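First up is the structure itself, then whatever we jot down about it.
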Amino acid sequence: MSAESTKSGPPLQTSHALDFLIVGGGIAGLAAATALRRVGHNALVLEKGERASVRGSGGVRLPPNLTKILFHWGLKPALMQKALVSHTMTFMRYESGDYLGEHVWDTGILKETRGDYMLCTHDDLHDILYDRATELGAQVRYGANVVDIDVENREVTLENGEKLVGDVLVGADGEYGVSRATVVGQSINGHPTGVVMYDTVISSDDLKEHVQSLWKDNAIFTAFGHRHALLAYPIHDTDEIALQFYGPDNATGNYGDEPSVDVPEIAEELDVRLRLHMKKARKAIRVSVRAHDDIEDWVSDDGPLVVIGEAAHPFPPGTIQATAMAVEDGAVLAKLFSHLSENRQIQDFLYAFQELRQARTRAARAGEFGNVFYMTLEDGEESRTRDSGMRAKAAEGAHNVLEGLAGDVSRLWDQIRTIFGYDCEDEADDWWVQWGVLRERAIERDTEDQAASALLDFSGLTMQVTETATDESE
Ligand SMILES: Cc1cc2nc3c(=O)[nH]c(=O)nc-3n(C[C@H](O)[C@H](O)[C@H](O)COP(=O)(O)OP(=O)(O)OC[C@H]3O[C@@H](n4cnc5c(N)ncnc54)[C@H](O)[C@@H]3O)c2cc1C
């Protein structure tokens with residue numbers, strides 16, 4: 001039996017089903033709803049937008065740490081239908097198109113991760129999760145804008161005045177959502193970095209002459225330039241290429257905004273052979289790269305409200321682990337709550353979730369910021385070292401130019417491997433075995449001790465004796 005299939009059986013079911021109210025029906029909210037239903041909890045997702053408006057048409061890269069979760073959830077066939085498997089990254093210079101080398105994922109390493117590296121679009125992933133969540137009995141309400149959260153009473157208020165109560169409130173409403181502000185006590189929107197990502201798609205027909213060479217074997221094409229970068233990869237059965245340009249910009253923008261940017265305007269520095277075709281690309285969405293200080297608490301002091309996904313840890317847009325961490329969050333939350341047998345455990349499980357997820361997402365986010373800045377390095381000593389290192393490895397015939405490079409690149413690469421190999425559901429189970437079970441035993445022992453001391457407590461009897469004695473003396 002393959003490592004992948006060992007988890008394909010039904011997961012542990014909770015003996016104490018709760019009602020989870022999930023604010024936000026993005027990837028994090030739908031993943032949490034799917035995972036919670038899988039272990040027997042009830043899930044109601046409240047999404048302020050309509051189904052069509054909350055799905056983006058841009059590309060999403062799905063790393064092995066994400067796909068392995070979806071495989072465990074029985075979603076491999078659905079993914080295989082909508083996503084492409086990729087094994088290769090090709091590196092070029094942004095301005096000249098000079099070849100820097102390629103990196104082919106080591107099959108041994110990929111096998112160990114028990115996942116695949118896959119490419120699809122935001123709306124396809126959204127649909128896969130929505131379909132699974134609703135098949136399992138989760139409810140998703142669109143047009144349900146949550147305007148207030150009363151944590152003590154476990155109640156949310158919708159814009160239309162309707163109030164809804166749950167046992168646990170999950171804030172999956174993104175970096176600007178009401179949940180993050182409720183947990184922190186104020187709105188905190190991070191600060192601009194001066195870097196922006198432009199997200200769009202182009203038909204493969206419009207890049208016909210390059211498709212065979214650049215996107216052979218579903219390769220991810222990465223171009224490093226002076227303060228610019230481009231990531232481009234095939235989607236939709238290779239009919240289209242997802243384009244993500246990074247560059248300097250001080251204008252603001254978010255996912256969900258109308259596409260407003262003409263691609264030729266932002267691709268002025270791009271290698272002319274590709275630039276000529278860019279007028280055929282659809283208008284791009286501008287998404288600011290914002291930096292956020294970590295928030296200390298993901299769980300409200302006032303009761304059972306926890307933030308997940310972008311609401312807990314906003315990532316730079318278009319990065320591979322942004323989506324993966326949102327799905328991991330849902331998976332870990334559900335794994336912990338599969339062990340729930342009494343209400344008194346709720347707050348402990350929410351704090352365990354924070355403990356398990358904070359360090360992991362912090363490391364992944366630092367890596368992703370590192371990647372964005374690494375791809376867009378200004379021309380200088382550092383970028384020359386990066387490029388010459390890759391060129392030298394490519395000249396030796398290496399197919400893994402990221403491996404063994406000097407300094408930071410090597411560190412980044414090691415981090416990527418660790419992040420891919422991680423199995424968040426196993427980590428949640430380990431927490432239960434190492435801490436949860438011990439805690440339960442300690443509580444059981446306390447209860448037994450209390451019961452035993454109640455049995456041995458003769459104080460009531462003493463009172464009676466004294467009273468009787470007094471009576472007799474009278
Ligand atoms: C419209 C859209 C398109 C995107 N497209 C891409 C893409 O093409 N490629 C890519 O890599 N990433 C994309 N992303 C980002 C990606 O979804 C996230 O990086 C990651 O998946 C984590 O998502 P999340 O669910 O935590 O947060 P988000 O994706 O931000 O989802 C939060 C959800 O909460 C809802 N919400 C907010 N406030 C409230 C409220 N008060 N009441 C109820 N609901 C509320 C929002 O409408 C949204 O649907 C997109 C995000 C959005 C919102």
Fill in: Flag for Arg51 being among the charged types (D, E, K, R), open to solvent by 30 Å² or more (accessible area, probe 1.4 Å) and within 13 Å of the ligand (Cβ to nearest atom)
yes
Discussion item. Report every pair of residues separated by at least 6 positions or lying on different chains whose Cβ atoms are under 7 Å apart, first residue within segment 298-313 and at positive phi, second open to solvent by 10 Å² or more (accessible area, probe 1.4 Å) and of a type in the set (Asp, Glu).
Written reply: Gly303/Glu152
Worksheet item: Residues in segment 168-179: is at least one out of contact with any Leu (no Cβ under 9 Å at 6 or more places or on another chain), near the ligand (Cβ under 8 Å from one of its atoms) and small (Gly, Ala, Ser)?
Response: yes
Discussion item. I'm trying to understand the selection: among the residues of segment 250-271, which are in contact (Cβ under 8 Å) with a residue 60 or more places away in the chain and more than 13 Å from the ligand (Cβ to nearest atom)?
Written reply: Thr252, Val261, Val263, Ile266, Glu269, Leu270, Asp271
Worksheet item: Since Gly101 meets every condition but one in (1) surrounded by 18 or more Cβ atoms within 10 Å (Cβ to Cβ); (2) closer than 30 Å to Arg275 by Cβ; (3) out of contact with any Lys or Arg (no Cβ under 9 Å at 6 or more places or on another chain), which condition does it not meet?
Response: (3)
Worksheet entry | Count - residues of segment 248-269 that are outside any loop (DSSP other than H, G, I, E, B) and buried (at least 16 other Cβ atoms within 10 Å of the Cβ) | 3
Worksheet item: Which strands (runs of 3 or more DSSP E) sit wholly inside segment 45-117 and have at least 2 residues that are in the same structural domain as Phe224 (by TED's automatic domain parsing) and β-branched (Val, Ile, Thr)?
Response: 88-93
Worksheet, complete the sentence: Only one of Arg290, Arg286 is open to solvent by 10 Å² or more (accessible area, probe 1.4 Å), at pLDDT 95 or above, assigned to a strand (DSSP E or B) and more than 9 Å from the ligand (Cβ to nearest atom), namely Arg286
Fill in: Members of segment 270-283 found to be open to solvent by 30 Å² or more (accessible area, probe 1.4 Å) and modelled with pLDDT of 95 or more, listed by number
Arg282, Lys283
Worksheet entry | Only one of Thr323, Thr385, Thr376 that is open to solvent by 10 Å² or more (accessible area, probe 1.4 Å), closer than 30 Å to His228 by Cα, β-branched (Val, Ile, Thr) and in contact with a Phe, Trp or Tyr (Cβ under 8 Å, 6 or more places away or on another chain) | Thr376
Worksheet item: Just for strands (runs of 3 or more DSSP E) wholly inside segment 155-242: which have at least 2 residues that are of a type in the set (Gly, Ala, Ser) and crowded, with 21+ Cβ neighbours inside 10 Å?
Response: 229-235
Worksheet item: Considering only residues of segment 55-74 that are away from the ligand (no atom under 16 Å from the Cβ) and open to solvent by less than 50 Å² (accessible area, probe 1.4 Å), which is nearest to Asp423 (Cα to Cα)?
Response: Lys68
Practice prompt. For segment 118-142, name all the residues that are within 11 Å of the ligand (Cβ to nearest atom) and open to solvent by 50 Å² or more (accessible area, probe 1.4 Å).
Written response: His122, Arg141, Tyr142
Discussion item. I'm checking my understanding of the structure. Among residues of segment 23-44 that are in a strand (DSSP E or B) and more than 9 Å from the ligand (Cβ to nearest atom), which one is most open to solvent (accessible area, probe 1.4 Å)?
Written reply: Asn42
Worksheet entry | Selection from segment 337-372 of residues that are surrounded by fewer than 18 Cβ atoms within 10 Å (Cβ to Cβ) and among the aromatic types (Phe, Trp, Tyr) | Tyr351, Phe369
Worksheet item: Do you know which residues across segment 329-338 are more than 11 Å from the ligand (Cβ to nearest atom) and part of a helix (DSSP H, G or I)?
Response: Ala331, Val332, Leu333, Ala334, Lys335, Leu336, Phe337
Worksheet item: Just wondering, is there one or more residues in segment 299-312 that are closer than 24 Å to Pro64 by Cα, modelled with pLDDT of 95 or more, open to solvent by less than 20 Å² (accessible area, probe 1.4 Å) and part of a loop (DSSP other than H, G, I, E, B)?
Response: yes
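The values are calculated or read from the model by the stated rules, or taken from the named source; none is laboratory data. Keep in mind that this is a model prediction, so the values were computed, not measured. Positions of Cβ are generated from backbone atoms using ideal geometry, with glycine treated the same way; all protein chains shown enter the neighbour counts. Just so you know, the surface numbers come from the protein's heavy atoms only, side chains and all, with ligands and any DNA or RNA stripped out. Shrake-Rupley method; radii C 1.70, N 1.55, O 1.52, S 1.80 Å.
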